[in-house]
Structure formats: structure tokens, C-alpha cells
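Reviewing the structure listed below.
The values are calculated or read from the model by the stated rules, or taken from the named source; none is laboratory data. Here the structure is a predicted model, which means the values were calculated and not measured. Please note: Cβ atoms are built from the backbone with ideal geometry, for glycine as well, and neighbour counts cover all protein chains shown.
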Amino acid sequence: MIDAAQKDAAIPDQPSSGDGHPRETAKQPARRGRMRLGLAGFLFELILPAALAGALLLVAASHLPLWDLRTTAGLMVFGVLLVAASVFLSIKVDGWTLARRRRAGTSQLFNRAGPWPRLVKFILAGVVVPVAALVAANRVELPGHRTPMALAIEASAPAPEVPGESKLAAAVLRASDPAAKIEGILALQAAATPAALDELLRIADADPAALTGGPVSLALAKALASFGAQAAPKLLQRLAEIGPAARKAAAGPGGSPFERYLSPGFEAAKREIGARHLDQAAQAAILARLQASEDAAESALRTAEPGGVASGEGSGLPALVMQALLAMNVKQDAAVLAFARATAADAAWSDGVRGEALLLVAKLGGKDDLPGLFAYLDSPSALLRARAMQAIAELEAKLAPAGGAG
């Protein structure tokens, strides 16, 4: 035993090799002591509560009519609730990340799990950040003299409800059946609101079927005419925007008198007869007689349009506007009368439009316009001569009672 003890004492302690356990143990404290910044998580917990609370409050305010964020009182309520909600959300987010931060211990520079770092974070995330963001959102001016808060309020507001007039106009533009288009136009005419007038003008601008001179065009012209002086400036503005080339190519009143005045009635009669529960043979006989009457009326009126104005040539907007102006229940309008005189004398316009302008002069003009109308009797255009004679007859008939009374 003595020899064994002496032997053990004689053997020196061997140093730990590179792979030995003692050196690995010595390196562990160095690995635990390595510092981490933790800035990303810290900024996340600072910004998320205020951003989430602000978004929720904006949505809530947009659905509460009494809460107007454009007023001082509404903005103060928003600020108080923003701070309260940010503090609450900051505490919740802190609780979700607390276990991970505790495992990191003191090796993390920012966002530590200690009580004082957490308190500072609650103050920053719950009070400082939301208040600073709210002040900046109301003070920073963006292009267009608007603030970020104004843009946020506008973006969070619910989409306005589409008015009934817009729905009617959209249905007219989608419809392929002329009868359906006419019914929609009549509904807008019956509405008699400024929005209805705007939608009728939109149909005139966007629907090619409204400019072909058929029943749809006639219904639209009558609907626009029902608004009287309210519609006249907007109609004249559209004519003023037409370029010189389009003015010369502009069509007159679309189609023949039959197409403008009688065709819609015949079509309505055919639909009514077709809807009746009649014997097939009797129904066919009635429709045949109606078709014969329609052909006879069309043949009789075919020559009533001098110059053969075609509805499919050029732009139909001037014809639509002229029809609407002629159908208006307006006896005096200085702006429209001045336009009619200038258009009739302007060779840049087509003969069809100039002829309608002569009728408009007769409708709104007076005795002083008679010499000018007589001058058009020498025009080389057969259409202008015919329109001049028609205008002279209408104006003299209008002036006759005044002349007889004198």
C-alpha cells in the first residue's frame, strides 16, 4: 500500500489535451458572456403597439358617425385612446417575448427582462411613440397641402354608397336592348336631380347607341331637354370642345323623321301585340297589317329630309345637343341664342347642324332675326334653304300675335 501511494504521488498531473473536458469547461463562461444587441426586437416592440392601436382606432372612428377626427375634440379622444391602447398592447407584446428575453439574460444589450428596462419600454411604446407619431401625422405637410393624418382618415373611411342615378346609368350603358336603354333614360328623367343630369350626360359621352339617331338618341335628347336651362350650359360646353374637323363631319339629326318620331311607337306596338295571348294566326295578321302601316309611313316621310342627312356619318353628339336644345321648354336664353346665331353662320359646321341652329334661332329669337333667316334662302345648300324656310315660318307664327295686338 505504501508503494502504491508513493507511485501515485510520483506521477505528475497530466495537462488537459485540446479535446479534453477541463478546457471545454473553461471556455463555456466565455461563450455565455458574449453580448447581443437585440435592437430589432426592441424596435419591433416599440412600434407595433402604436401602429396596431392607431389602425384599429381609425377603423372604429370611420364607422362611428359621431366621432369626427377632423374636429379638435375628436382628435383629442383619439389621442387618449391611442395612448391607452398602446400601453395595453405594449404589455401584451412584452408578455409574449418575456421568456425568450429571460433566457438571453444580461447578454442582450437592448430589451432586457429586468423590471427597469421593461418600465422604460412601456413608457416609450405606450406614451412617447404614439404621441410623437400623432403630432407628426398632424403637422407634417405632404404634397397637395395634406397631412398623413388626413390621408389615413380618408383611406380608412368606408366606400361611399353608389347613388341610384349612377346604378341606372351603369345599367343603361350595359344594356344591349334599345328598349331597356330607353326605360333607364326615362327613369333618370323622372328622377329630375342634378345627379340624374350628370348621369344622362355621361351616357351621351360614353354610349355610342345614344348618338346613332335612333329611338335611344331621341329619348336621351328629350330627357336632357327636361332639365331646361340647367342642362344648357353643359351641352354648349360639349359642343365647344369639338374640333374643326369633327365639326365639318358632324351629322345632323340622326335618321329620317320616321326614325326619330314614329319608329319608337311602332316598335312599342309590336312588343305589346307580341305580349298578348292571341291566336297565332290572328297575331300574325295584326303584325302584318302593322308592318304595312309602318312601311307606308316610312315611305311617305322618306323625302321629308332635304339633303339626305345620314345618321351614321360623323359625330352624333352635335345632333343630340341640338335636338335637346330645341326640345327645351325655354322661351328666352341669351347664351343659347348667341350660340345658335354663331353656329348657323359658321361654315365650319356641317349643314345639318347649321340647319338645326336656324330652327333654334327661330325658337329663341325675335323680329331682328328675320333678315338673317331670309339671307339663308340664297344658300347653295338645299338643306339650309329648307331649314331657313321652316325657321322663318316658325318665327313669323310666333311674332304674329304680337303684331296683331299692335
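Structure notes:
- Within the range 318-391, helices (runs of 4 or more DSSP H) holding 1 or more residues that are closer than 29 Å to GLN189 by Cβ and under 39 Å from the mean Cα position of the chain (by Cα): 334-345, 351-364
- Of all residue pairs spaced 6 or more apart or on separate chains, those with beta-carbon atoms under 8 Å, a first member in the range 59-83 that is in contact (Cβ under 8 Å) with a residue 40 or more places away in the chain and a second member that is part of a loop (DSSP other than H, G, I, E, B) and surrounded by fewer than 10 Cβ atoms within 10 Å (Cβ to Cβ) are SER62/PRO158; HIS63/PRO158.
- Only one entry in ILE185, ILE203 is buried (at least 20 other Cβ atoms within 10 Å of the Cβ), more than 15 Å from PRO318 (Cα to Cα) and within 23 Å of the chain's Cα centre (by Cα), namely ILE185.
- Qualifying helices (runs of 4 or more DSSP H) (wholly inside the range 183-267; at least 1 residues being assigned by TED's automatic domain parsing to the domain that holds LEU358 and at pLDDT 90 or above): 194-206, 215-225, 232-240
- Long-range neighbours under 8 Å by Cβ, at least six apart or interchain, first residue within 12 Å of LEU168 (Cβ to Cβ) within the range 192-221, second small (Gly, Ala, Ser) and in a helix (DSSP H, G or I): ALA195/SER166; GLU199/SER166; GLU199/ALA169; LEU200/ALA169; LEU200/ALA223; ARG202/ALA169; ILE203/ALA169; ILE203/ALA210
- Test for GLY164: is it at pLDDT below 90 and closer than 28 Å to ASP333 by Cα: no
- Residues that are assigned to a helix (DSSP H, G or I), more than 11 Å from LEU134 (Cβ to Cβ), within 34 Å of the chain's Cα centre (by Cα) and not hydroxyl-bearing (Ser, Thr, Tyr), drawn from the range 45-99: ALA51, LEU52, ALA55, LEU56, LEU58, VAL59, ALA60, ALA61, ALA73, GLY74, VAL77
- Members of the range 110-141 found to be more than 15 Å from LEU82 (Cβ to Cβ), small (Gly, Ala, Ser) and surrounded by 13 or more Cβ atoms within 10 Å (Cβ to Cβ), listed by number: ALA113
- Residue pairs meeting the criteria (Cβ under 7 Å; at least 6 apart or on separate chains; first farther than 12 Å from ALA357 by Cα, in the range 381-398; second polar (S, T, N, Q)): ARG385/SER379
- Only one of SER62, SER107 that is over 22 Å from PHE44 (Cβ atoms) and either in contact with a Cys (Cβ under 6 Å, 6 or more places away or on another chain) or polar (S, T, N, Q) (or both): SER62
- Here SER166, SER107, SER176 are screened, and the one residue that is surrounded by fewer than 15 Cβ atoms within 10 Å (Cβ to Cβ) and within 30 Å of PRO208 (Cβ to Cβ) is SER176.
- Listed by first and then second residue, the pairs linking a residue in the range 112-131 that is assigned by TED's automatic domain parsing to the domain that holds ILE47 to a residue that is modelled with pLDDT under 85 and surrounded by 17 or more Cβ atoms within 10 Å (Cβ to Cβ), with Cβ atoms under 6 Å apart and 6 or more places separating them unless they lie on different chains, are ALA113/ARG101.
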